[in-house]
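Only one structure is covered here, and it is reproduced in the block below.
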Amino acid sequence: MTAVPRLECIALTRTLPSGGQALTVLDHVDLSISAGEFCAILGPSGSGKSTLLGLLAGLDRPTSGEILLDGERIDDKSEDQLSLLRRAKVGFVFQSFQLLGNLTALENVLLPLELAGVRAAPARARELLEQVGLGARTHHYPSQLSGGEQQRVALARAFGPRPSVLFADEPTGNLDAATGARILELLSELHQREQTTLVLVTHDPSIARHAQRRIHLRAGRVERIEEGVSV
Amino acid sequence: MKALDVLRGAWRESRGSGPRLLFFIACLALGVAAITGVSGLVDAIEQALVAQSRELLGADVSIQARRPIDAKVDEFLAFDAQRERAQARETPTLVAFGQRSKLAELKAVSANFPFYGRIVLEPDGRLGEVLDEQSCAVAPELANELGARVGDELSIGGKPYRIAALVRDEPGRLDIGFTLGPRVFVTLEGLARSGLEQFGSRMRYRELYRLPSSPDERRIAQLKREVNEGIEDAAYLRIESHREAQPTVRRSLRQVESYLGLVALLSLVLGGVGVAQIVRAWVASRTQAVAVLRVLGARPREVLAMYLTHVALLALVGSSLGALAGSFAPHLVARIAADLLPSGFELSWSPLALLRGLGLGVGIALVFSTPPLTAVWRVSPARVLRTDIEPLPAPRAVAWGAAALVALGLFAAAWTQSRELTVAAGFTAALAVLAGALALGARALTRLAAHVPRERLNPYLRNGVAALARPGIGVVGATVALGFGVLVITLMALVESRLSERLRNALPTDAPSVFLLDVQPDQRESVRELATRQGAVNYSDVPVLTARLASINGVSVRDIAPGRAEAKGREQWVLMREQRITWASTLPADNRVVAGELWSDPQRLELSVEKDFAEDLGVGLGDRLAFDVQGVEIEFAVTSLRTVEWESFGINFFLMAEPGSLDHAPHSVLAAVRLEPAQEASLQRELASSAPNVTPIGVRAILEKVLAVLSKLAAAVRVLGLFTILTGLVILAGVASSSAVHRGREVALLKTLGLTRAGVVTLFGIEFALVGLVAGAIGATAAFALAWVFLERVVELGAELPWAALPAATLATALASALCGLAANLRALASRPIESLRG
């Protein structure tokens, strides 16, 4: 008997109204991601990658189909229930970092830790900032940090509450090649150390190479799935 | 960049942001409507007050004297070519009917008397038409006492006069201390026929003027000066405008006028703050466009010029709409509360007032948009690359220049509104201090927030504190704007409630309706008993002695009076007139000692003087006043000054002597009593038989008129106060909303991180509430301070302020700020987490 997949979707469909007609962005996608897996979702612009990520993470609701996180359906939950679910189990890294401008680096990392009720949250936040190499910049505001540094804070924030699944949406999209590589390295490191399931969305095959499995989307459908790290 | 390019740029900037522009124009219109609306209402109420007080005097200006008035006086009124003149003469005289006779006050008037108000006759008719050389009109109490009826013939100065009508009501002052008997009206020709004028020693002459140019107080003061300088021995003349005529409402009128001035000034602040905050929000939304312009090579000053032009165009549109809308306010009030505005009040569309409103509106809009527009200077061109780039520092000259421009503009506007240089300067200075305090408070809050050990705070509170600590996000601007809004609302609420409370309490609802003159000391008890038997309530009586002032500090008034000609006209008259003095051990309830102490010097005979009267006399504490009491000189020392609420209609005197000091001098007793109309007639009959020397004077008609004026004043204060508060609340809500930057992305992100909707609401609520708390604390404190100054010093009302409301106002601001901030972010709060993926 196989273990329950960490994340699963069945016949996942999302249509958007577009000029009076319904535009199908995702069309009956079936997918299963196991615990601890590093999985990349690839595809050209408009293929439905970000939509799929949003649905899997409970940020958006499907038109039809089911989504299960740890065997539990999440597609029929209310906004607040989803918020509580994300607080406990889901982490995010965004292309545009999405740090809260009012808060220092440390406070940004602390926020989800405290929301999740993690004990000794400040110590954990400091430790994580230390791990991403920002131990000396805990009191800086996002506007005082470079792009790479901001994304490192975002990584620390995402891994803080030890989420079951971490979603990364083009995490290196706004960074130069060298900085992007360093972020990817960190992401992999943290993924391995924390045993987090990682779902990464990218259009860049060289980034997707790091993943154990690559799901190629085209026009809202799964085109093919590649297995194995191809580094 | 040429002017045309600037204009073209401004025009382009206006395109493509239709709904936002409409909103901006609407907000500007609201600010300007507040200014013109309040200003229009103030004008309307002022006009109404003038109409009311004219009715009480029956004229615009009255000139009074104890001897025939020099014909030259008329020349001094030549400034009004359209003036009309009426004449009146008054003298006490005996009126007889059959065997009975009575002391009455005869008043001979020209046919055009009075200009305002009406003499109510029974049977109905106009005095000028009813009276001829052979007839008279008399007060009902006189007819009653004499047992005469309409159609009977009375004897005045030995000549017969047929009673043509009874006089139920006449415009004029209530000066019971100087009334000698009930009224008898005759024509000037009728007076000549009586031959009484030959004995003119007790004759009072009056020239009454209707002045269509309705001169203001300053013009009247100038007139008095001119008369004093131009006429030899002008001391015998007493010039009064309708504003000073009625002591019972004079103080209330003055207080309400000050109040109207205050409201007009505060509306400027409201409008200005509204405009500034809207421009701030608008500029914030255009930052990206400014950055692009900067990248393309536009210099900051060119961008500023472009946006200033843009704002000017919008201001013109918004102000025009606002001025138009605001000028509806008095009409609206007239529609929904018609009885507020008295009969003499006419609504009119004055193009000049509209133009003034427009000018004031555009001016205020331009001046107040300058400081937020300087933000254009601070937009870094690098913003095109990264949206979170720090703003550049504004050049010091620009920041100070903008502040100076606002101060100057505010001063000019305040001057336009108040027409007083000192008031405008004081007002501007007070606001500058307040702005400074608010900015400092906001800075202190920012500093404090930066140094609070936030790690120990709960995450919701921390985010709020952190938001305040972040530099350059406009906490200072928002706090200042919010603080001013709080100031206006709180100040208005404090002043309005205190003033209308006083006006309501001043209503003489249990005031005497009949005065009894010439009660002899040995009749005091029997008259009181008689009145009480008739069902009298609030019976009161005091001894009265008539005397002339002989000397002040040993110098004869005959020597002092001529020297007064240089100063105010009234003072001379005050020195020379017959003084009425009373004495009692305690003060009546409507008196308040404001300097010195009552009956505190056992060594000397003491005198307590009403404060304004003391000023007119030119005496103060410690001065010695000697009176000629029937040939005997008695000297008193002034040991206390007091204020009197004349509105109470009680028996009050300017001069009050120590008890016992004049007991043995010949005097009479003045009684006041409140009775129902039917009881009044019955008391008159009783008195006529048992104490015929006592003269009852009915004052019900004038009492009711004063009652009407005071209750209208109270209602006007209330309406205007509520209107201003309401406008203030709308603008405050706008300020609170526009300072809460649209936070859609932040909400989406917070939700993504696992915050529930309630959590986001709490987090934002705390942030907005903290700004509100600081603005509320400073704004409300300033409001209390200003209210104290206004109530205590300007209208001299005694500032019993509800200090407990200070923390309440502060907390209410925090709550309002949180609610408005959240309301402004309703759409943002509904942002869905998926939006965080859209960068």
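Any read-out appearing in this document is the output of simple, stated calculations on the displayed coordinates, not a laboratory observation. The structure presented is a predicted model; accordingly, all values stated were derived computationally and were not measured. Virtual Cβ from ideal backbone geometry, glycine too; neighbours counted across all protein chains shown.
Residues of A:84-91, mean number of Cβ from any other protein chain within 10 Å of their own Cβ, rounded to a whole number?
On the way: counts 4, 1, 6, 5, 1, 1, 3, 3.
Mean number of neighbouring Cβ atoms from other chains: 3.
Averaged over A:139-146, how many beta carbons belonging to a partner chain fall within 10 Å of each residue's beta carbon? Walk me through the intermediate numbers first.
Values: counts 0, 0, 6, 2, 8, 2, 1, 0.
Going residue by residue through A:139-146 and averaging, the value is 2.
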Study note, to complete from the structure: Per the 1/(1 + (r/R0)^6) rule, R0 = 56 Å and r from the Cβ atoms of B:Ala450 and B:Arg604, FRET efficiency to 0.05 is 0.25
Check your understanding: Could you name the aspartates and glutamates in cross-link range of A:Lys49, using Cα to Cα under 14 Å and dropping any fewer than eight places away on the same chain?
Key -> A:Asp27, A:Asp30, A:Asp60, A:Asp169, A:Glu170, A:Asp204, A:Glu223
Exercise for review: Measure off 7 Å from each Cα along the Cα-to-Cβ vector at B:Ser155 and B:Ser689, then give the distance between these two points in nanometres to one decimal.
Suggested key: 2.5
Point to revise | MRE, 222 nm, helices only [DSSP H, n ≥ 4, -39500 (n - 2.57), over chain A, to nearest 500] | key: -10000 deg cm²/dmol
Practice item. Return the aspartates and glutamates within reach of B:Lys705: Cα separation strictly under 15 angstrom, same-chain partners fewer than 8 residues apart disregarded; answer none if there are no such residues. Key: B:Glu55, B:Asp169, B:Glu170, B:Asp175, B:Asp339, B:Asp510, B:Glu647
Check your understanding: From the cross-link list A:Lys77/B:Lys751; B:Lys611/B:Lys712; B:Lys224/B:Lys611; B:Lys107/B:Lys712; B:Lys107/B:Lys159, which pairs have alpha carbons spaced over 20 Å apart?
Key -> B:Lys611/B:Lys712; B:Lys224/B:Lys611; B:Lys107/B:Lys712
Review point. Once amide H atoms are placed 1.01 Å from N in the peptide plane, what residues at a sequence separation of 5 or more from B:Arg204, or on another chain, have their amide H within under 5 Å of its amide H?
Key: B:Glu90, B:Thr91
Study note, to complete from the structure: Note, region B:545-556: 3J(HN,Hα) by Karplus (6.51, -1.76, 1.60, θ = phi - 60°), whole Hz, Gly/Pro = x, goes 10, 9, 8, 9, 6, 9, 8, 10, 6, x, 9, 4
Review point. By how many degrees, 0 to 90 and rounded to 10, does the Cα axis of helix B:247-285 deviate from the longest principal axis of chain B?
Key: 10
Check your understanding: So what's the back-of-envelope 222 nm ellipticity for chain B, counting only DSSP H runs of four-plus at -39500 (n - 2.57) apiece and dividing by all residues, rounded to 500?
Key -> -17500 deg cm²/dmol
**Study point:** Between 0 and 90°, nearest 10: helix A:147-159 axis offset from chain A longest Cα axis
**Key:** 70
Practice item. Would you please give the residues with an amide H less than 5 Å from that of B:Arg548, counting only those at least 5 places away or on a separate chain, with H modeled from the backbone geometry? Key: B:Gln579, B:Asp628, B:Gln630
Review point. If you plug each phi of region B:90-99 into the Karplus form 6.51 cos²θ - 1.76 cosθ + 1.60 with θ = phi - 60°, what whole-Hz ³J(HN,Hα) values come out, in order, with x for Gly and Pro?
Key: 10, 7, x, 7, 7, 10, 10, 9, x, 8
Revision key, fill the gap. The rounded separation in angstrom of the Cα centers of region B:781-827 and region B:25-54 is 23
Point to revise | Cα-based Rg of region B:712-796 normalised by 2.2 N^0.38 Å, two decimals | key: 1.62
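Longest span of chain B, sites excluded, free of chymotrypsin sites (Phe, Trp or Tyr not before Pro) in DSSP loop with at most 12 other C-beta atoms within 10 Å?
Looking at chain B, B:350-802 is the longest stretch - no exposed chymotrypsin sites (Phe, Trp or Tyr not before Pro) with at most 12 other Cβ atoms within 10 Å.
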Point to revise | Table column - 3J(HN,Hα) (Hz), region B:149-161, Karplus curve with 6.51, -1.76, 1.60, x for Gly and Pro | key: 10, 4, x, 6, 10, 9, 10, 10, x, x, 9, x, 9
Practice item. State the Cα centre-to-centre distance between region A:47-99 and region B:592-636 in whole Å. Key: 89
Exercise for review: Show the residues, 5+ positions off or on another chain, whose built amide H is closer than 5 Å to the amide H of A:Arg218.
Suggested key: A:Glu223
Check your understanding: How far is helix A:121-131 tilted, in degrees, relative to the longest principal axis of the Cα atoms in chain A, given as a value from 0 to 90 rounded to the nearest 10?
Key -> 90
